[in-house]
Amino acid sequence: MQYGHFDDKNREYVITDPATPSAWANYLGSPEYGAIISNNAGGYSFVKSGAKGRIIRYRFNSVTADQPGRYIYIRDAEDGDFWSASWMPVGKPRDAYRSECRHGTAYTLISSQYGGIETETLYYVPLGASHEVWRLKITNTGARPRKLAVTGYAEFTNDSNYEQDQVNLQYTLFISRTYFKGDHILQVLNENFADPNKERFFGLAGTPVAAYCGDRDKFVGAYRGYADPAGISGGLKNDLNYNGNSCGALCSDIELAPGETKELIYLLGQKRGSEAAALVGGYKKPGRADEELAALKAFWHGKLDNLRVNTPDHKFNSMVNVWNAYQCFITFIWSRAASFQYCGLRNGYGYRDTVQDIQGIIHLAPEMARGQIEFMLSAQVSNGAGLPLVKYNHAPGRETTPDDAAYIKETGHPSYRADDALWLFPTVRKYIDESGDTAFLDKEILFADREEKASVYEHLKRAIKFSMDNLGAHGMPAGLHADWNDCLRLGKKGESTFVLFQLYYAARILRDYAVLKNDGAYVEWLDKTIEELGGKAALCWDGDRWIRGFREDGAIIGKRGDPEASMWLNPQSWGVISGVSTPERAEISMDSVYRELNTPYGTMVMHPPYKKHAFDGALMLCFNGGTKENAGIFSQTQGWAILAEALLGHGDRAFEYWRKASPAYMNEDADRRVLEPYVHGQFIEGRDSPFAGRAHVHWLTGTASTVMVGTVEGILGLRPSPDGIVIDPSIPGDWTDWSMVKKLRGKTLNIKVSNPDGRRHGVKAVTVNGQRLGGAFIPDAALKAENDILIEM
């Protein structure tokens with residue numbers, strides 16, 4: 001069944017049936033103030049940290065799903081009938097109640113029609129602000145005057161720490177109280193401490209407050225819920241909270257003539273009382289919400305405009321131009337901090353997650369990417385490793401590490417991981433290639449654990465050294481706590497083929513920079529190391545596949561003939577990406593992937609699933625077969641498979657993997673997918689599940705960046721370098737004529753691709769501004785401010 005559609009003109013996803021298979025969400029805000037909102041206005045907000053900055057409540061994994069949230073109730077003063085401006089929480093019959101939700105770039109617009117009243121509620125966080133806005137427009141579409149009571153409602157947490165608020169009730173139920181301040185409810189926590197970070201407000205601009213409530217239990221009523229709260233059916237009684245649970249509920253009595261529209265603005269945030277009053281007063285200015293929405297759109301659409309494609313596949317266009325790109329920004333901003341599955345307990349950035357996430361936005365916003373790269377380099381330990389978890393209040397030069405008991409106690413991470421710092425290499429490479437900023441290599445940045453600055457180039461050298469200082473019995477990188485797959489513990493001295501390929505790739509990248517730096521001795525060392533690592537890789541070839549690695553006892557993981565887990569995806573794709581695979585082995589290994597791991601919904605991370613033959617380090621055994629790392633379709637790996645096939649020139653297969661991984665291609669089968677059809681999830685259930693194709697863990701996933709990189713560098717073939725750009729697409733044969741617009745270092749590239757023979761790969765000729773060039777490389781010197789480029793395949 002289909003519940004909505006893509007509106008590419010407005011860069012929105014439009015949900016026309018509110019009874020979606022799960023809560024379909026959007027993100028609002030910035031690192032200073034974040035919010036997640038569903039198509040039925042469920043969700044929560046937080047300041048900086050989803051774990052320690054929670055402002056309003058949300059009940060995860062609840063039978064009464066997707067509650068509470070940002071609710072606006074409307075009650076007819078004449079007959080007492082009431083409903084909500086979003087379908088939920090009241091849930092009027094859908095034959096009488098019409099709803100539409102438009103999720104856009106950092107805003108959501110929910111409209112409704114019921115009983116002759118039309119509403120349009122805009123939710124957003126203004127650019128650079130630390131508060132949120134709910135702008136309600138309410139219109140009388142009937143022929144008679146209407147008297148309505150309109151009430152906005154938000155349920156405050158009693159502690160900014162999510163876990164304390166939900167669990168430590170013997171404390172948190174007795175630290176909160178609320179005050180009514182004329183146009184807003186003010187909640188104060190631990191009032192005797194006079195802490196400005198413990199004051200929250202819910203305010204109203206545009207009309208006087210007729211009644212209010214600051215007590216959640218009085219608002220909802222005993223043995224009732226958000227669908228039928230006592231404060232709506234019986235009216236608000238001007239109750240305030242002292243101990244117990246706080247809320248903000250503000251009611252306005254309005255009259256609407258036929259055809260008349262009125263505007264109310266609700267505001268929510270963490271502010272001192274005086275700041276809250278001034279903020280509410282500022283929204284009495286007509287048109288402010290429209291100005292702020294226009295600024296939001298200009299900011300985000302300006303980023304998205306840096307790459308636009310127009311191919312014969314409209315779903316591909318929707319994802320590349322809007323939703324995959326926007327999701328990359330969201331993961332870049334919030335990593336894995338807060339969603340409807342990540343409940344907000346991670347109080348920091350995962351090193352590998354964040355460094356990989358950066359890659360997804362580099363082609364759109366290299367300047368934003370640079371700032372985050374510098375931040376993550378400052379979280380590199382002086383021994384070359386990355387801090388497994390980088391705290392939100394990270395203090396470069398003064399951090400403890402997994403070598404310190406204090407770090408382990410605070411973060412729960414007992415050891416370094418084999419792959420963390422190796423993700424720096426493709427990320428730094430992509431930034432320099434996109435920006436042309438080779439001087440970045442000389443930028444000096446602190447290490448995490450000591451007041452020592454070193455150049456980016458030196459940071460990268462330390463990362464190589466860390467891997468070379470931690471080798472196993474076969475001379476391959478040791479598994480340490482884990483590599484990319486946290487469910488695969490090969491042992492501290494076990495060895496990972498995947499990390500071997502990453503190290504090989506990293507050494508090749510660093511060699512280019514060593515040449516640039518005239519670091520001749522280090523170039524010689526890297527040449528020798530690359531050759532040695534390639535030799536070690538020969539130990540990992542098993543006829544038609546790369547094995548997954550060696551356990552500490554020397555046992556092989558992922559060899560042909562194993563009854564379980566005999567084929568793993570990542571070594572095959574990374575064999576191609578890294579350059580370790582010879583052309584013959586690249587073809588053989590990727591054909592094995594297609595034969596053994598391919599499904600209608602994507603490529604499984606490995607197969608068969610572990611069930612009876614797992615070893616102690618195969619932690620994925622805890623999952624049902626076909627789920628997550630136990631032979632599920634782990635979505636992040638799809639981008640690497642797409643890129644590998646594209647690099648081999650297999651345009652049809654690269655696009656097949658893209659299509660199967662794409663949420664947009666499940667838009668008409670949304671009941672099977674369950675998750676939003678406009679953003680990637682963490683994984684899809686594989687062929688061993690009775691619910692193959694069902695997706696889980698929305699939005700905050702490395703899938704966004706890997707698929708974007710596979711798409712841009714692989715399928716579209718856009719591979720810039722400091723001195724120009726290669727345009728070498730790998731596409732399906734039915735893309736005969738298509739185009740794209742790429743912004744590169746202040747220049748606009750209007751690219752037309754002509755493919756009359758239906759080729760999958762291979763550039764026959766390139767013409768730039770009327771001048772015919774040889775090969776797929778376009779030197780920077782051939783480019784002007786505005787360029788017309790013809791690619792003939």
Subset of region 438-458 (residues that are part of a loop (DSSP other than H, G, I, E, B) and either open to solvent by 10 Å² or more (accessible area, probe 1.4 Å) or out of contact with any Ser or Thr (no Cβ under 7 Å at 6 or more places or on another chain) (or both)): LYS443, ASP449, ARG450, GLU451, GLU452
Selection status of PRO258, assigned to a loop (DSSP other than H, G, I, E, B), open to solvent by 10 Å² or more (accessible area, probe 1.4 Å) and either hydrophobic (A, V, I, L, M, F, W, C) or touching a strand residue (DSSP E or B) at 6+ places or on another chain (Cβ under 7 Å) (or both): yes
Filter pass, ALA41 being closer than 24 Å to VAL674 by Cα, modelled with pLDDT of 95 or more and open to solvent by less than 10 Å² (accessible area, probe 1.4 Å): yes
Those residues of region 77-99 which are buried (at least 18 other Cβ atoms within 10 Å of the Cβ) and touching a residue at least 60 places away in the same chain (Cβ under 8 Å), in sequence order: PHE82, SER86, TRP87, MET88, PRO89, VAL90, SER99
Residue, most open to solvent (accessible area, probe 1.4 Å), within region 554-573, restricted to residues that are touching a residue at least 24 places away in the same chain (Cβ under 8 Å) and assigned to a loop (DSSP other than H, G, I, E, B): PRO563
Selection within region 161-185 - open to solvent by 10 Å² or more (accessible area, probe 1.4 Å) and in contact with a Ser or Thr (Cβ under 8 Å, 6 or more places away or on another chain): GLN164, ARG177
Positions within region 179-219 being acidic (Asp, Glu), assigned to a strand (DSSP E or B) and farther than 12 Å from GLY248 by Cα, in sequence order: GLU199
Residue match in region 317-329 (condition: touching a Pro at 6+ places or on another chain (Cβ under 9 Å) and farther than 30 Å from ASP734 by Cβ): no
Filter pass, SER435 being among the small types (Gly, Ala, Ser), within 30 Å of the chain's Cα centre (by Cα), open to solvent by 20 Å² or more (accessible area, probe 1.4 Å) and more than 23 Å from TYR407 (Cβ to Cβ): yes
Leading residue by the ranking (nearest to TYR657 (Cα to Cα)) among those in region 734-750 that are part of a loop (DSSP other than H, G, I, E, B) and open to solvent by 10 Å² or more (accessible area, probe 1.4 Å): ASP734
THR108, sole failed condition from (1) in contact (Cβ under 8 Å) with a residue 60 or more places away in the chain; (2) among the β-branched types (Val, Ile, Thr); (3) open to solvent by 10 Å² or more (accessible area, probe 1.4 Å); (4) over 20 Å from CYS251 (Cβ atoms): (3)
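Looking only at region 16-34, count every residue that is hydroxyl-bearing (Ser, Thr, Tyr) and under 15 Å from PHE332 (Cβ atoms) and tell me the total.
2
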Of residues in region 762-784 being touching a Gly at 6+ places or on another chain (Cβ under 9 Å) and either among the aromatic types (Phe, Trp, Tyr) or open to solvent by 70 Å² or more (accessible area, probe 1.4 Å) (or both), the one nearest to PRO312 (Cα to Cα): PHE777
Residue within region 360-374 that is open to solvent by 30 Å² or more (accessible area, probe 1.4 Å) and over 28 Å from VAL712 (Cα atoms) present: no
Scope region 261-294; condition within 30 Å of ASP217 (Cβ to Cβ), assigned to a strand (DSSP E or B) and open to solvent by 60 Å² or more (accessible area, probe 1.4 Å); matching residues: none
Members of region 584-607 that are over 21 Å from SER730 (Cβ atoms) and surrounded by fewer than 21 Cβ atoms within 10 Å (Cβ to Cβ): GLU596, THR599, PRO600
Elements of type strands (runs of 3 or more DSSP E) contained in region 675-730, each with 1 or more residues being at pLDDT 95 or above and within 20 Å of ASN624 (Cβ to Cβ): 681-684, 695-698
Failed item in (1) buried (at least 22 other Cβ atoms within 10 Å of the Cβ); (2) within 24 Å of ASP79 (Cβ to Cβ), with THR207 passing the rest: (1)
Lone unmet requirement of (1) within 24 Å of GLU118 (Cα to Cα); (2) loosely packed, with under 13 Cβ neighbours inside 10 Å for PRO229: (2)
Enumeration of residues in region 389-431 that are in contact with an Asp or Glu (Cβ under 8 Å, 6 or more places away or on another chain) and closer than 21 Å to PRO477 by Cα: THR401, ARG417, ALA418, ASP419
Tally of residues being open to solvent by 10 Å² or more (accessible area, probe 1.4 Å) and part of a strand (DSSP E or B) across region 27-38: 2
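The values are calculated or read from the model by the stated rules, or taken from the named source; none is laboratory data. None of these values were measured; they are calculated from a predicted model. Don't worry about glycine lacking a Cβ; one is built from the backbone with ideal geometry, like all the others, and counts go over all protein chains shown. These area figures cover heavy atoms from the full protein model, side chains too; ligands, DNA and RNA do not enter into them. Shrake-Rupley method; radii C 1.70, N 1.55, O 1.52, S 1.80 Å.
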